1. Looking at ASP14 and the list (1) open to solvent by 60 Å² or more (accessible area, probe 1.4 Å); (2) under 22 Å from GLY154 (Cα atoms), which single condition is not satisfied?
2. Within segment 184-202, track down each residue that is touching a Gly at 6+ places or on another chain (Cβ under 6 Å) and hydrophobic (A, V, I, L, M, F, W, C).
3. Filter segment 10-44 for residues that are closer than 24 Å to GLY187 by Cα and in contact with a strand residue (DSSP E or B) (Cβ under 9 Å, 6 or more places away or on another chain) and give the result.
4. Which ones in segment 276-334 are under 18 Å from LEU159 (Cα atoms) and basic (Lys, Arg)?
5. Out of curiosity, is ASP263 over 20 Å from GLY186 (Cα atoms), of a type outside the set (A, V, I, L, M) and either modelled with pLDDT under 95 or not in a helix (DSSP H, G or I) (or both)?
6. Tell me the residue from THR57, THR48 that is open to solvent by 70 Å² or more (accessible area, probe 1.4 Å), among the hydroxyl-bearing types (Ser, Thr, Tyr) and under 10 Å from ASP118 (Cβ atoms), please.
7. In this structure, does VAL203 turn out to be open to solvent by 20 Å² or more (accessible area, probe 1.4 Å) and aliphatic (A, V, I, L, M)?
8. Being of a type in the set (S, T, N, Q) and in contact with a helix residue (DSSP H, G or I) (Cβ under 9 Å, 6 or more places away or on another chain) is the filter here; which residues of segment 90-115 pass it?
Amino acid sequence: MTQHVHGYAAHAADKPLVPFRFERRDPRPDDVVIDILYSGVCHSDLHTARNDWGGTTYPVVPGHEIVGRVRSVGKDVTRFKPGDLVGVGCMVDSCRQCEPCHHDLEQYCENRPTFTYDSKDRHDGMPTYGGYSNSITVSDAFVLRVPENLDTKGVPPILCAGITTWSPLRHWNVGKGSKVAVVGLGGLGHMAIKLAKALGAEVTLFSRSPGKSDDARRLGAHHVIISTDAEQMKGAGYQFDLIIDTVPYTHDIQPYIPTLKLDGTLVFVGLLGNLESMINTVPLIMGRRAVAGSVIGGIKETQELLDFCGEHNITADVEIIDMASINDAYERMLRSDVKYRFVIDMATLDKAA
C-alpha cells in the first residue's frame, strides 16, 4: 500500500525548506523500504533547493546521503532483511542496459541515472524525493550495506563526498608509494585526505589558508603547501601522481599543473562550470600530464568503499543537527562554517514537522 511520509521540502528557489507530507510508491517486488536514521547535507542539496543550476522541479525533498534500517523488503529481495543497516547514495536507478551500466558505472549511464531526488522514476514517472524524510523506498540493486562497526552518524557523507573522492583514487590506481595532493579542505577534501592516506599514499594538501595546516595533518596529510606562496609552489614541481581538486567554484588551476609528475593527472571533482582561464598546454605537453573530471561512483564501487571504511574505521567528521535547523545549516554552508559535513538526526523530524 502507498506509504504516507513526512519530510522537509523547498517549494521555491527563494523560500526556506518547510515540513512537507507526501506519498512514497507502493513497494515493488525488488524494493527495500528503509526507515531513515541520518541524512547528510550536501552542497548539491542547497544548489538544487535554490535552483542554482536551473531545472529544479518543486517541491523538492533533498538528501542523497542516507543511512537507515530496513523496515521491509519485496518478495524478490534476497540480499537484505528487516533490521539491516543500509545506505542510499546519489542514485536510485539507471537504465541498467548501456555500456557504463554493464561495467558497474551507473553514474555515467548513457540514458541518465535516476537521482535520489529531483528526478523521475523510470517505471511510473513519479518524482523522486530524497532523504530529508522519515523513510525511502529503493530498488535493492541501489541499496548499500553499511558496516555495523562504524559510527553511524559519520557514515552518510561517505555516500557522496566519500565516493566522489574514492572513485578517482581507485581509477588512477593510488596505493602505497603514490603521491597525492588535495586542493581544498572541505567536505570532499577531508574525505580525500583520509582515504588516500588509508590507501598508503603520501598526501599533501594545497590550501590558501595556513590556518588549516594542523587540521590537515590531523586528518592524515603528510604535508601542507600554501598555494598563494610562490616559493612553496615552485618547490613542489614534478611531485604528484594525482591531484584531486575539490574546490567548488571557478579558480585558476594553472599553478598546479607543473606540480604533477610525468603522466600525472589533475582531476576535478568539485567544480561544475567553466574554468577561470584557458589552460596553457605547454606544461601538459611537456609532461604528458592530463586534466580530467570524475563524478561520484557506481554502486559496486560505493560498496567497496563502505567495506574499506569498515576495515579502516573511517567516517566523515560531522556536526549533527536537528531537522528544524536545516535552513540555518544552509546559510552556514555558504560561509564554510562547518567541519566538515552536516548530518541531520532524522529522529528530530517528527518534532520539527
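1. Of everything listed in (1) open to solvent by 60 Å² or more (accessible area, probe 1.4 Å); (2) under 22 Å from GLY154 (Cα atoms), ASP14 misses just condition (2).
2. Within segment 184-202, the first condition is being touching a Gly at 6+ places or on another chain (Cβ under 6 Å), and the residues that meet it are 188, 191, 193-194, 197, 199-200.
Answer for segment 184-202, where residues must be touching a Gly at 6+ places or on another chain (Cβ under 6 Å) and hydrophobic (A, V, I, L, M, F, W, C): LEU188, MET191, ILE193, LEU199.
3. Within segment 10-44, ALA10, PRO16, LEU17, ILE36, LEU37, TYR38, SER39, GLY40, VAL41, CYS42 meet the criteria.
4. The one that is under 18 Å from LEU159 (Cα atoms) and basic (Lys, Arg): LYS300.
5. On the way: over 20 Å from GLY186 (Cα atoms): yes; of a type outside the set (A, V, I, L, M): yes; either modelled with pLDDT under 95 or not in a helix (DSSP H, G or I) (or both): yes.
In short, yes.
6. Details: THR48 fails: open to solvent by 70 Å² or more (accessible area, probe 1.4 Å).
Being open to solvent by 70 Å² or more (accessible area, probe 1.4 Å), among the hydroxyl-bearing types (Ser, Thr, Tyr) and under 10 Å from ASP118 (Cβ atoms) holds for just one of THR57, THR48, which is THR57.
7. Working: open to solvent by 20 Å² or more (accessible area, probe 1.4 Å): no; aliphatic (A, V, I, L, M): yes.
No, not satisfied.
8. Let us first name the residues in segment 90-115 that are of a type in the set (S, T, N, Q), namely 94, 97, 107, 111, 114.
The answer is SER94, GLN107, ASN111, THR114.
The values are calculated or read from the model by the stated rules, or taken from the named source; none is laboratory data. Bear in mind that the values here come from a model prediction, so they are computed numbers and not experimental data. Note that we place each Cβ from the backbone using ideal geometry, even for glycine, and neighbour counts take in every protein chain shown. When the accessible area is computed, the model is the full protein with side chains, heavy atoms only, and any ligands, DNA or RNA have been set aside. Shrake-Rupley method; radii C 1.70, N 1.55, O 1.52, S 1.80 Å.
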